[in-house]
Amino acid sequence: MNKKALLFLSMAAVAVLPMCQQFNVELHPAGMVTAQDAKADSLLAAARADRKAGKIGAAIKSYKEIVYYHPLAPNAAQARFELAECYEAKKDYREAFRQYDRLIERYPQSPLYRAALDKQLAMAFSAAKSEMKVEVFWGLWDADMESSVVIEWLRNIINKAPYNDMAATASSILAGYLVKQDREDEARIEYARLVEKYPDSPLAPEAQLMVAQLWANSTLRGESDNLVNLARAREAYEEFSLRFPNHKDARKALGQAATMDKLLVQQQLEVGRYYLERSREYTSAIFCFEDVIRQKSVNPEAAAEAQKLLEKARAAQTAAKKVSQS
């Protein structure tokens, strides 16, 4: 390579370097910091002074200059945290959550990592309880945070902290929020996931009870798979007593399992009644009533009613045969 070519490449490299420093500051490996950065220190002092004076917009400008152009400065994580707090103060909750998220992603070794997660969890919990209000229609009135945002926040926290108490807490809040949103099937799945992933969490017993309760609730909504859902509810209550035998509600859960058994027999009786009185499928009706009678110890009232209906079903079956043979 001749001298002119080398000179041209050197000049090009010098010209490109400031551009890289200006636009690619976010590409450094996460967690790396420089020993000192006087400019960043000056910006942080100015941001804090503006914040103390109530000049939030000016403070945000200085904080952003640190996090965007001095991401390796020793105070970069602190600046990002305080930037997020400023957005919270302005009630720009989505941007605040995003800034906490960037801190979590870029500075996993920072002492502020857990603090940022705590902030996110507090925000999500507040939104889930309808305590966080956002302006709509240019500030004409306030409304709850959109459910899609609340759910996204909570799932984000669960994914960022998958093996600790915070993830279990976020999972419990999410499940409860889904119940509040009338999304009980999704809530049941989330409660079940909590029990499986965090069985030692103090939140696990309540979550298991909620799994059972939500299965039982599905039968009250008149869903088509009542028998199946009752059986699943019974199984969930029984599983509670097996997983948490020393829990104060273990005996109560067994009682609920017995109640589900009783309801299952009652449901079988109603199925038989339908075959007899509505569809006139007498053979199927007889089978259901005989099954109910065999479970007399579980539901004696249903068994007594089944005995009466069984006689009617047999009589109707005999009459139908005579008509078909004539």
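Data for the structure
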item	result
Tally, over the stretch 56-74, of residues that are touching a helix residue (DSSP H, G or I) at 6+ places or on another chain (Cβ under 6 Å) and either charged (D, E, K, R) or buried (at least 20 other Cβ atoms within 10 Å of the Cβ) (or both)	10
Selection from the stretch 196-248 of residues that are farther than 24 Å from LYS180 by Cα and buried (at least 16 other Cβ atoms within 10 Å of the Cβ)	ALA231, GLU238, GLU239, SER241, PHE244, HIS247
Odd one out for LYS312 among (1) over 18 Å from MET260 (Cα atoms); (2) in contact with a Lys or Arg (Cβ under 7 Å, 6 or more places away or on another chain)	(2)
Residue in the stretch 272-282 that is loosely packed, with under 12 Cβ neighbours inside 10 Å, of a type in the set (Gly, Ala, Ser) and farther than 22 Å from ASN226 by Cβ present	no
Any chance ASP37 is at pLDDT below 95, surrounded by 15 or more Cβ atoms within 10 Å (Cβ to Cβ) and either closer than 30 Å to SER172 by Cα or among the acidic types (Asp, Glu) (or both)	yes
Test for PHE81: is it within 15 Å of ALA40 (Cβ to Cβ), touching a Phe, Trp or Tyr at 6+ places or on another chain (Cβ under 8 Å) and in contact (Cβ under 8 Å) with a residue 12 or more places away in the chain	yes
Pairs with Cβ under 7 Å, 6+ apart, first in the stretch 244-268 and under 18 Å from LEU203 (Cα atoms), second of a type in the set (Ser, Thr, Tyr) and part of a helix (DSSP H, G or I)	ALA250/SER241; ALA253/TYR237; ALA253/SER241
Members of the stretch 53-78 found to be part of a helix (DSSP H, G or I) and more than 17 Å from ASP41 (Cβ to Cβ), listed by number	ILE56, GLY57, ALA58, ILE60
Answer residue from the stretch 239-287, given it is in a helix (DSSP H, G or I) and among the basic types (Lys, Arg) and is nearest to ALA216 (Cα to Cα) among those	LYS262
Exclusive hit being within 19 Å of ALA84 (Cβ to Cβ), assigned to a helix (DSSP H, G or I), of a type in the set (A, V, I, L, M) and in contact with a helix residue (DSSP H, G or I) (Cβ under 8 Å, 6 or more places away or on another chain), set LEU174, LEU178, LEU194, LEU154	LEU154
Extreme residue, modelled with the lowest pLDDT, among residues of the stretch 293-326 that are outside any helix (DSSP H, G or I) and surrounded by fewer than 12 Cβ atoms within 10 Å (Cβ to Cβ)	SER326
So LYS91, is it in a helix (DSSP H, G or I) and either without any contact (Cβ under 8 Å) to a residue 24 or more places away in the chain or of a type outside the set (Val, Ile, Thr) (or both)	no
Residue check for SER218: hydroxyl-bearing (Ser, Thr, Tyr) and part of a helix (DSSP H, G or I)	yes
Exclusive hit being over 18 Å from GLN109 (Cα atoms), modelled with pLDDT under 95 and among the polar types (S, T, N, Q), set SER62, SER10, SER42	SER10
Index of the failed condition, GLU290 passing every other in (1) assigned to a loop (DSSP other than H, G, I, E, B); (2) over 41 Å from the mean Cα position of the chain (by Cα)	(1)
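The values are calculated or read from the model by the stated rules, or taken from the named source; none is laboratory data. Everything numeric in this text was worked out from a predicted model, so none of it was measured. Every residue, glycine among them, receives a Cβ derived from its backbone with ideal geometry; neighbour counts consider all protein chains shown.
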